[in-house]
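Quick notes on the structure that follows.
The values are calculated or read from the model by the stated rules, or taken from the named source; none is laboratory data. Since this is a predicted model, take the numbers as computed values, not measurements. As a convention, Cβ positions derive from the backbone with ideal geometry for all residues, glycine included, and neighbour counts pool all protein chains shown. What goes into the accessible areas is simple: the full protein's heavy atoms, side chains included, and nothing from ligands, DNA or RNA. Shrake-Rupley method; radii C 1.70, N 1.55, O 1.52, S 1.80 Å.
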Amino acid sequence: MFRADVAVQSLRPTLLATPLRPLAAITSGVLLIALVSSWRGAQTSDVLGAVVAGALAGGVALGLDDEGKSSLRSSPTDASARLAHRLFVLIPALLVAVGVLAVADRVLFVEQSARPSASALAALVATGVALEVWWSRRRPETAAQGSAVAVMVWVLAESLAPDVFLVHRLAEAWHTDVAVVIGVSMGIVIAGVAGRGA
């Protein structure tokens, strides 16, 4: 049975253990790029919007790096509970980052470029989480970094191979087939944490 007091008590150690620096560094870097870009033009490029979405999703994946996993492996901590606690910290941080960048876009640029939708960003984040969960079953030490890189490669593949139909079709799935991507990602997450301890 879920108890609210247990969740509140676990929030502070989860906050301390969850790496928020990657997301903060990505947000700061994007703000700096936006500031420099605003001196050169009135509108950001469409590619930059997709790259920013991929970078933010990668930041969430990097935040899932769980250094306490090895020390808690012998305890009866459920993997799904640990994942839920870390996402409970990371998702609000992601929303703050998106809000800050949206305000900066409105302040710095006269014309707003086309940005990926909230659902497309959710698909990228879900993919990053799924990759991290599945990858950590075999190589937990590289799961977060590998997942972040994989999400960025997926975002960039659409620009890098626009003429190869199959590659282009798969590369654009995160913003054209959002429901499918989120559904598959959630299935991978559920399968990845099922029956696992810390």
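Just one of Glu132, Glu141 is open to solvent by less than 80 Å² (accessible area, probe 1.4 Å) and charged (D, E, K, R); which is it? Give the derivation first.
Values: Glu141 fails: open to solvent by less than 80 Å² (accessible area, probe 1.4 Å).
Glu132 is the lone residue from the list that is open to solvent by less than 80 Å² (accessible area, probe 1.4 Å) and charged (D, E, K, R).
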Exercise. From the list Leu11, Leu16, which one is more than 20 Å from Trp134 (Cβ to Cβ), open to solvent by 80 Å² or more (accessible area, probe 1.4 Å) and modelled with pLDDT under 85?
Worked result: Leu16
For this session: Note down all Cβ pairs under 8 Å where the first residue falls in the range 110-131 and is at negative phi, the second is open to solvent by 40 Å² or more (accessible area, probe 1.4 Å) and among the acidic types (Asp, Glu), and they're at least six residues apart or on different chains.
Result: Ser113/Asp46; Ala114/Asp46
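Any idea which of Ala148, Ala144, Ala126 is under 19 Å from Ala61 (Cα atoms), at pLDDT below 90 and under 14 Å from the mean Cα position of the chain (by Cα)? Walk me through how you get there before you give the answer.
On the way: Ala148 fails: at pLDDT below 90; Ala126 fails: at pLDDT below 90.
From the options Ala148, Ala144, Ala126, the qualifying one is Ala144.
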Problem set entry | Cβ-Cβ under 7 Å pairs, at least 6 apart or on other chains, the range 179-195 side open to solvent by 50 Å² or more (accessible area, probe 1.4 Å), far side among the β-branched types (Val, Ile, Thr) | Ile188/Val133
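Is at least one residue of the range 52-61 modelled with pLDDT under 75 and either under 17 Å from Arg137 (Cα atoms) or outside any loop (DSSP other than H, G, I, E, B) (or both)?
Just the residues of the range 52-61 that are modelled with pLDDT under 75, to begin with: none.
There is no residue in the range 52-61 that is modelled with pLDDT under 75 and either under 17 Å from Arg137 (Cα atoms) or outside any loop (DSSP other than H, G, I, E, B) (or both).
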Exercise. Can you name the condition, by its number, that Leu95 falls short on among (1) closer than 22 Å to Ala25 by Cβ; (2) touching a residue at least 12 places away in the same chain (Cβ under 8 Å)?
Worked result: (2)
